[in-house]
Amino acid sequence: EEQEDKVLQALRLYLRHLTDRLVTDRRFQVFKRPVDTTEVMDYLQVIRSPMDLSTLQANVDANRYSTLAEFVLDADLIWRNALSYNPNINPMDRRIRQRAHALNDTMHFFIRDELSEDFERKCEDIKASR
Ligand SMILES: COC(=O)[C@H](Cc1ccco1)c1ccncc1
């Protein structure tokens, strides 16, 4: 239905705007591209579902998300994977965990501040009706 596609287009626009701000934040450059699994040999043994900001952007542009909740499931993988793979108390692990928490906090602050519950409910209702 025409009106419904306008809602999904608005969601896509918002998710693109949100992801663009995360991708350009210098704290989050380490999350910008997939972890190089030829370099980090055991990464796929530890992390079952890799995710990064460029893949998230590509998914948004490919209409992969019909609700905010679907987007958040993938976006949360980015910082959760970083906490799982880098658990130690050495300075490098500590720094990426701080950045992972900052990514989580920043993303959810933007969403709470900018997206209405009514809008997300409309997206969920469209998804349920299809
Ligand atoms: C999301 O990025 C990561 O999880 C890698 C894992 C990694 C470990 C060794 C090489 O790469 C990372 C990169 C930079 N600083 C810490 C960890």
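Miscellaneous remarks
- Assessment of region 84-91 against the conditions (within 14 Å of Tyr14 (Cα to Cα), over 12 Å from the mean Cα position of the chain (by Cα) and among the hydroxyl-bearing types (Ser, Thr, Tyr)) yields no matching residue.
- Test: residue in region 113-120 that is under 29 Å from Ala10 (Cβ atoms) and in contact with a helix residue (DSSP H, G or I) (Cβ under 6 Å, 6 or more places away or on another chain): yes
- Complete set of residues in region 79-104 that are more than 21 Å from Asp20 (Cα to Cα) and hydrophobic (A, V, I, L, M, F, W, C): Leu83, Ile89, Met92
- Residue match in region 12-35 (condition: at pLDDT 95 or above, within 27 Å of Asp118 (Cα to Cα), within 16 Å of the chain's Cα centre (by Cα) and aromatic (Phe, Trp, Tyr)): yes
- Any chance Asp74 is within 9 Å of the ligand (Cβ to nearest atom) and of a type outside the set (A, V, I, L, M): no
- Pair list, Cβ under 7 Å, 6 or more apart: region 1-22 residue more than 17 Å from Asn104 (Cα to Cα), other residue surrounded by fewer than 13 Cβ atoms within 10 Å (Cβ to Cβ): Arg12/Asn63
- Single residue of Ile89, Ile111 found to be crowded, with 16+ Cβ neighbours inside 10 Å, modelled with pLDDT of 95 or more and either farther than 25 Å from Asp25 by Cα or away from the ligand (no atom under 13 Å from the Cβ) (or both): Ile111
- Lys122 out of contact with any Ser or Thr (no Cβ under 7 Å at 6 or more places or on another chain), more than 16 Å from the ligand (Cβ to nearest atom), assigned to a helix (DSSP H, G or I) and not aromatic (Phe, Trp, Tyr): yes
The values are calculated or read from the model by the stated rules, or taken from the named source; none is laboratory data. What you see is a predicted model; the values in this text were computed from it and never measured. Counting neighbours? That spans all protein chains shown, and the Cβs are built from the backbone with ideal geometry, glycine included.
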